[in-house]
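The values are calculated or read from the model by the stated rules, or taken from the named source; none is laboratory data. On a predicted model such as this, the values are computed, not experimentally measured, just so you know. Counting neighbours? That spans all protein chains shown, and the Cβs are built from the backbone with ideal geometry, glycine included.
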Amino acid sequence: MLRRGWLAWEWDPDEGPIQVLVGVPQPAPLTLEHGWLRIGMPGLIEEPHRAGYARAALVDWYVRRATSRVPERIAAWAEILSVPVPRVVICEPKKRWGSCHPSGVVRLNWRIIQAPARLVVYVIAHELCHLRHEGHGRQFWAALGRGMPDYGARRERLRDMGARLVW
Ligand SMILES: [Zn+2]
């Protein structure tokens, strides 16, 4: 069965829960229709494999969503924070929301896309600041605070809800 936690994601409150249609003739990508995220589960997938199939379909959905939505936000925040626009890679690290390589590559965990947009943007701004400041010293937080004065509240919120986004 689907784990309960899968229904609790938040990206946009207008988007509804997940509906699994069992027995569709062919594998198909997830669709968002009338507030329902629909997973078409081909009939030949037997019960023990359905949860794995649904997870893979959902992860694919979030990765595609991240790939289409994140670059625009990266560009906007690079401008706000006066840093060069980095290359972005969407990946699935075990623990981190994001990381930044000084060569100019920002990696983001697809899971962050489940969070409200203001927390997604916090992670983006945080990683962008690392293009200028390694580590989390005073200068790092000062630079982040200039572009995002309420970063502390966002950081705390992410800490509170973060565990729910990992599945
Ligand atoms: Zn950091």
Residues located in region 85-137, provided they are of a type in the set (D, E, K, R), more than 13 Å from the ligand (Cβ to nearest atom) and surrounded by 18 or more Cβ atoms within 10 Å (Cβ to Cβ): ARG111
Considering region 65-98 alone, what residues qualify as being part of a helix (DSSP H, G or I) and touching a residue at least 24 places away in the same chain (Cβ under 8 Å)? ARG65, ALA66, ARG69, VAL70, ARG73, ILE74, TRP77, ALA78, ILE80
Does at least one position in region 106-113 carry a residue that is among the charged types (D, E, K, R), in contact with a Leu (Cβ under 8 Å, 6 or more places away or on another chain) and in a helix (DSSP H, G or I)? yes
Would you point out which residue out of ARG65, ARG50 is among the basic types (Lys, Arg) and either at pLDDT 95 or above or touching a helix residue (DSSP H, G or I) at 6+ places or on another chain (Cβ under 9 Å) (or both)? ARG65
Residue satisfying all of: in region 119-167; charged (D, E, K, R) and more than 20 Å from VAL83 (Cβ to Cβ); nearest to the chain's Cα centre (by Cα) among these: ARG164
Give me the residue from region 30-45 that is modelled with pLDDT under 80 and assigned to a loop (DSSP other than H, G, I, E, B) and, out of that set, surrounded by the most Cβ atoms within 10 Å (Cβ to Cβ). GLY35
